[in-house]
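See below for the structure under consideration.
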Amino acid sequence: MTVLEARGLEKTYRGRGKSPLRILKGVSFSVEAGSRVAIVGRSGAGKTTLLNILGGLDAPDSGNVFVDGVPLFGGFLAGRRRQRLRARKIGFVFQSYHLLPDLDIVENVLLPSLAAGGIARSGARARALDLLDRVGLSGRVRHMPSELSGGEQQRVALARALMCNPELILADEPTGNLDSLTGAEIMDLLFELSESGTMSLVMVTHSAEAASRCGTVLRLDSGTIVQ
Ligand SMILES: Nc1ncnc2c1ncn2[C@@H]1O[C@H](COP(=O)(O)OP(=O)(O)O)[C@@H](O)[C@H]1O
Ligand SMILES: [Mg+2]
């Protein structure tokens, strides 16, 4: 079963007085349920642009992304419904963690459940606490992000990504800001947590070792995918 399909994605950045930058020139691929896909390529190749479009955080100029067959862009899916679909089915992990600084770590983990709607409050909090326990932070639940190390913040981000039990995790260089030992721990944890059978992982990484643990490696080069 295909969980995610990118079809003919094109993206050009245009700035006033600057020559247009064609980043994606027709990117197509699909991701099967339960599979792991690494996206590699040189810095500036457009990996982050692609990942943001796959998750509906940015829009392509043309082409579309289908999540369980439902198009993310255009058509009948208005902004709010797209946001809920995204929150229910996709978990995000960013290179620089992107935790909200004014919320404690339980509240950060709870955020996707608010965006997804429809999860009972007490159940959601219990799940957030359970996830924080699974990432080894049960003793820190009242802490603020600024009181945690980078690796600990990324653990919170992993718990947050899993909050709505997504079908798909999109991770953009999740260990890019961490020292190699901490990065390896986070990578192990990410693989372990995403091992629940039907969950798929699409990860941008510079680590050959991490890419080799994925069933599929896609190289983004000159705006197209080279398998
Ligand atoms: N919002 C933007 N406006 C203009 N150019 C951008 C924007 N975002 C990214 N770029 C440019 O697009 C190219 C691809 O960026 P990015 O997707 O971040 O690449 P990667 O993640 O592979 O390093 C880079 O040259 C970058 O400078
Ligand atoms: Mg990037």
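The values are calculated or read from the model by the stated rules, or taken from the named source; none is laboratory data. Note that this is a predicted model, so its numbers are computed, not measured. With ideal geometry, Cβ positions are generated from the backbone for all residues, glycine too; neighbour counts draw on all protein chains shown.
Which numbered condition in (1) within 30 Å of residue 133 (Cβ to Cβ); (2) touching a strand residue (DSSP E or B) at 6+ places or on another chain (Cβ under 7 Å); (3) modelled with pLDDT of 95 or more is the only one that residue 104 fails?
(2)
Kindly establish whether residue 128 is surrounded by 16 or more Cβ atoms within 10 Å (Cβ to Cβ) and touching a strand residue (DSSP E or B) at 6+ places or on another chain (Cβ under 6 Å).
So residue 128 does not fit the description; no.
Within the stretch 106-116, does at least one residue satisfy the condition of being charged (D, E, K, R) and buried (at least 21 other Cβ atoms within 10 Å of the Cβ)?
no
Out of all the residues in the stretch 54-93, which are more than 14 Å from residue 168 (Cα to Cα) and within 16 Å of ligand 2 (Cβ to nearest atom)?
57, 58
Being modelled with pLDDT of 95 or more and part of a loop (DSSP other than H, G, I, E, B) is the filter; apply it to the stretch 58-73 and report the residue that is nearest to residue 225 (Cα to Cα).
60
For residue 37, state whether it is among the β-branched types (Val, Ile, Thr) and in contact with a Cys (Cβ under 8 Å, 6 or more places away or on another chain).
Against the criterion (among the β-branched types (Val, Ile, Thr) and in contact with a Cys (Cβ under 8 Å, 6 or more places away or on another chain)), residue 37 qualifies.
Please verify whether the stretch 40-47 includes one or more residues that are of a type in the set (Val, Ile, Thr) and at pLDDT 90 or above.
Within the stretch 40-47, one or more residues are of a type in the set (Val, Ile, Thr) and at pLDDT 90 or above.
Can you list residue pairs whose Cβ atoms sit under 9 Å apart, with the first residue in the stretch 30-53 being touching a residue at least 40 places away in the same chain (Cβ under 8 Å) and of a type in the set (D, E, K, R) and the second being within 14 Å of ligand 2 (Cβ to nearest atom) and part of a loop (DSSP other than H, G, I, E, B)? Count only pairs 6 or more apart in sequence or on different chains.
Correct list of pairs: 47/41; 47/173.
For the stretch 118-175, name all the residues that are among the aliphatic types (A, V, I, L, M) and farther than 27 Å from residue 40 by Cα.
Those that are among the aliphatic types (A, V, I, L, M) and farther than 27 Å from residue 40 by Cα: 119, 120, 124, 126, 128, 129, 131, 132, 137, 141, 144, 148.
Conditions (1) within 12 Å of ligand 1 (Cβ to nearest atom); (2) assigned to a strand (DSSP E or B); (3) of a type in the set (Asp, Glu); (4) under 23 Å from residue 210 (Cα atoms), marked per residue:
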| residue | (1), (2), (3), (4) |
| --- | --- |
| 12 | yes, yes, no, no |
| 25 | no, yes, no, no |
| 30 | no, yes, no, yes |
| 51 | yes, no, no, yes |
| 56 | no, no, no, no |
| 81 | no, no, no, no |
| 87 | no, no, no, no |
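Residue by residue through the stretch 32-49, note down the ones that are charged (D, E, K, R) and not in a loop (DSSP other than H, G, I, E, B). Step through it out loud before you land on a result.
Of the stretch 32-49, the ones charged (D, E, K, R) are 32, 36, 42, 47.
Result: 32, 36, 47.
Could you grab me the full set of residues in the stretch 142-164 that are surrounded by fewer than 16 Cβ atoms within 10 Å (Cβ to Cβ) and modelled with pLDDT under 95?
Within the stretch 142-164, 142 is the sole residue that qualifies.
Does residue 178 qualify as being among the aliphatic types (A, V, I, L, M), under 16 Å from the mean Cα position of the chain (by Cα) and closer than 30 Å to residue 45 by Cα?
It is false that residue 178 is among the aliphatic types (A, V, I, L, M), under 16 Å from the mean Cα position of the chain (by Cα) and closer than 30 Å to residue 45 by Cα.
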